[in-house]
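Structure first, then comments.
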Amino acid sequence: MSAVGAPASSAAGLMDRIYKHQRHIYDASRKFYLLGRDQLIEGLNPPAGGTVLEIGCGTGRNLIKIARRYPRAMCCGLDVSSEMLVTARASVARAGLQDRIGLAQADATDFDPQALFGRAGFDRIVISYALSMIPPWQAVVEEALRRLDKGGSVHIVDFGDQAGLPSGFKALLLRWLGLFHVTPRENLPATVRGLAEAAGAQCRLAAPFRGYAVHAVLTRG
Ligand SMILES: C[S@@+](CC[C@H](N)C(=O)[O-])C[C@H]1O[C@@H](n2cnc3c(N)ncnc32)[C@H](O)[C@@H]1O
């Protein structure tokens, strides 16, 4: 299963520049500070034969874990960076999961899942540490909610407000993340709650790791 779309934004050039070299050390380095991804995957629980889309799938690390954890799920991933997708395709092939993970190049703010993956909706949509890299991130959450099948859910993990961590930690973290054009969204919890309400979805929020991360699950009735 595979699909390729054309990137429609300048985000592609920026992300390719950031990840051209970083992609080679991405999985090994990010496991230390992209916290909460495995907990998100553990809570996904897609229906048997269900479909999972990851928006901003990067190296495919999450999709491979999802496909292994839920062997009856079909997975799709899109990313704006062709550099990241080179690594993702190689990793998916190495894992022998090409038949269950489709990958496509697309901008999260403007994509057509029917053209990319042959389907209009998904049972689960994952957005892991991507909203902090996409300036119009609220539009991505709105679009994800629109792309849910009935009973489906959007699962978000990203940087939290660091409220429970020692003072000074947040300033250091923000400086480090700035090197990679990452901007934690201070108002993420309140904003996703509002977007969920507007879409008639329920919203569950948590701030794991003493507020290092924020985890949101938006469920459509
Ligand atoms: C910090 S990485 C997270 C990757 C993966 N989700 C993970 O948890 O390991 C953010 C990803 O979002 C992608 N991205 C950034 N802006 C995007 C956009 N406008 N549309 C789609 N993907 C985008 C980047 O190329 C990158 O692969």
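The values are calculated or read from the model by the stated rules, or taken from the named source; none is laboratory data. Predicted, not measured: the structure shown is a model, and the values here were computed from it. Neighbour counts run over all protein chains shown; Cβ positions are idealised from the backbone, glycine included. These area figures cover heavy atoms from the full protein model, side chains too; ligands, DNA and RNA do not enter into them. Shrake-Rupley method; radii C 1.70, N 1.55, O 1.52, S 1.80 Å.
Structure values in brief
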{"read-out": "Full-stretch length increase - Thr183, Ala28 - with 0.36 nm per residue and alpha-carbon distance subtracted", "value": "53.6 nm"}
{"read-out": "Rounded FRET efficiency, nearest 0.05, which uses the C-beta distance separating Arg68 from Gln39 and R0 of 22 Å", "value": "0.85"}
{"read-out": "Chymotrypsin sites (Phe, Trp or Tyr not before Pro) restricted to the range 142-221 and DSSP loop, no more than 10 other C-beta within 10 Å", "value": "none"}
{"read-out": "Farthest positive-ward along the range 1-100 dipole, Cα basis, beta-carbon charges - from Leu85, Cys57, His24", "value": "His24"}
{"read-out": "Arg210/Ala95 FRET efficiency (R0 35 Å; Cβ-Cβ; nearest 0.05)", "value": "0.60"}
{"read-out": "Trypsin sites (Lys or Arg not before Pro) within the range 150-219: DSSP coil, no more than 16 neighbouring Cβ in 10 Å", "value": "Arg210"}
{"read-out": "Mean residue ellipticity (222 nm) of the chain, computed from DSSP H runs ≥ 4 via -39,500 (n - 2.57), nearest 500", "value": "-10500 deg cm²/dmol"}
{"read-out": "Segment Ala198-Ser167, length gained on full extension (0.36 nm per residue, minus Cα span)", "value": "7.6 nm"}
{"read-out": "Under Karplus coefficients 6.51, -1.76 and 1.60, residue-wise ³J(HN,Hα) of the range 210-219 in Hz, glycine/proline x", "value": "6, x, 4, 10, 10, 10, 10, 10, 10, 10"}
{"read-out": "Fraction in percent of alpha-carbon pairs per bin - 5 Å, the chain", "value": "1, 7, 16, 20, 22, 18, 11, 4, 1, 0"}
{"read-out": "The range 10-220 - accessible surface per residue (Å², probe 1.4 Å)", "value": "44"}
{"read-out": "Antiparallel %, DSSP beta bridges [both residues in the chain], to 5", "value": "40"}
{"read-out": "Charge dipole (debye, nearest 20) of the chain; +1 at Cβ of Lys and Arg, -1 at Cβ of Asp and Glu", "value": "620"}
{"read-out": "Whole-number percent relative contact order across the chain, with pairs defined as alpha carbons under 8 Å at least 6 apart", "value": "21"}
{"read-out": "Cleavage-rule hits, trypsin sites (Lys or Arg not before Pro), the range 60-121, DSSP coil, Cβ neighbours within 10 Å at most 13", "value": "Arg72"}
{"read-out": "Over the range 1-110, relative contact order from alpha-carbon pairs under 8 Å, at least 6 apart, %", "value": "38"}
